[in-house]
Amino acid sequence: MTVRIHDSIAYRIHRAQRVLRRHFLGMATADGLELTPEQWFVLNKLVERDGRSQVELCEAIFSDRPNLTRMLVGMEARGWVTRRGDAEDGRRNLVTLTPEGARVHHQFAARVEEQRGRIFAGISAEDLATATRVLDRIEANLGGG
């Protein structure tokens, strides 16, 4: 049995992810920010709990170490985060949100919240909850959750 690509849920998830990424980058550019979704995830995780290790951030945003390191170098250059060695464990680097990083997060969080209405227009809270459960199950089935 051949599955047509347009009937594949994986293909539809991929397309939705690309559309969401493009929309996000357009919003950031319109706000004068060079901000990727992945950097946004880092800012959010640091707002939730500041001073995370790079390994914790890798796990939290589902990134690999080299990509996260490159991303943090760029975020550090923009003044959004700082990295320093952990006084208790010299092998670990801790990442901390700077006041500028917190400002960027606060500014853009309002924009993201405003856009949620547009993105999820016509989708009930029940449907969103179902979609979340399905995506969580797919991730768990593949060992990622």
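The values are calculated or read from the model by the stated rules, or taken from the named source; none is laboratory data. In this text the structure is predicted, and so the values were computed from the model without any measurement. All Cβ positions, glycine included, derive from the backbone under ideal geometry; neighbour counts span all protein chains shown.
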**Request:** Consider Arg118 carefully, then state whether it is over 16 Å from the mean Cα position of the chain (by Cα), modelled with pLDDT of 95 or more and within 23 Å of Arg21 (Cβ to Cβ).
**Result:** no
**Prompt:** Inside region 91-108, can you point out the residues that are free of Cβ contacts under 8 Å to residues at least 24 places away in the same chain and either part of a helix (DSSP H, G or I) or not basic (Lys, Arg) (or both)?
**Reply:** Thr98, Pro99, Glu100, Arg103, His106
**Complete:** Flagged in region 28-37 as part of a helix (DSSP H, G or I), out of contact with any helix residue (DSSP H, G or I) (no Cβ under 6 Å at 6 or more places or on another chain) and surrounded by 14 or more Cβ atoms within 10 Å (Cβ to Cβ), in numbering order, are Ala28
**Asked** If only one of Thr2, Thr82 is of a type in the set (Val, Ile, Thr), more than 29 Å from Ile119 (Cβ to Cβ) and surrounded by 13 or more Cβ atoms within 10 Å (Cβ to Cβ), which one is it?
**Response** Thr82
**Prompt:** (1) loosely packed, with under 10 Cβ neighbours inside 10 Å; (2) of a type in the set (Asp, Glu); (3) in a helix (DSSP H, G or I): which one isn't true of Glu88, the others all being true?
**Reply:** (3)
**Request:** Look through Arg83, Arg52 and report the one residue that is within 29 Å of Leu142 (Cβ to Cβ) and in contact with a strand residue (DSSP E or B) (Cβ under 7 Å, 6 or more places away or on another chain).
**Result:** Arg52
**Request:** For residues that are farther than 12 Å from Val95 by Cβ and either among the hydroxyl-bearing types (Ser, Thr, Tyr) or assigned to a helix (DSSP H, G or I) (or both), tally how many sit in region 48-79.
**Result:** 9
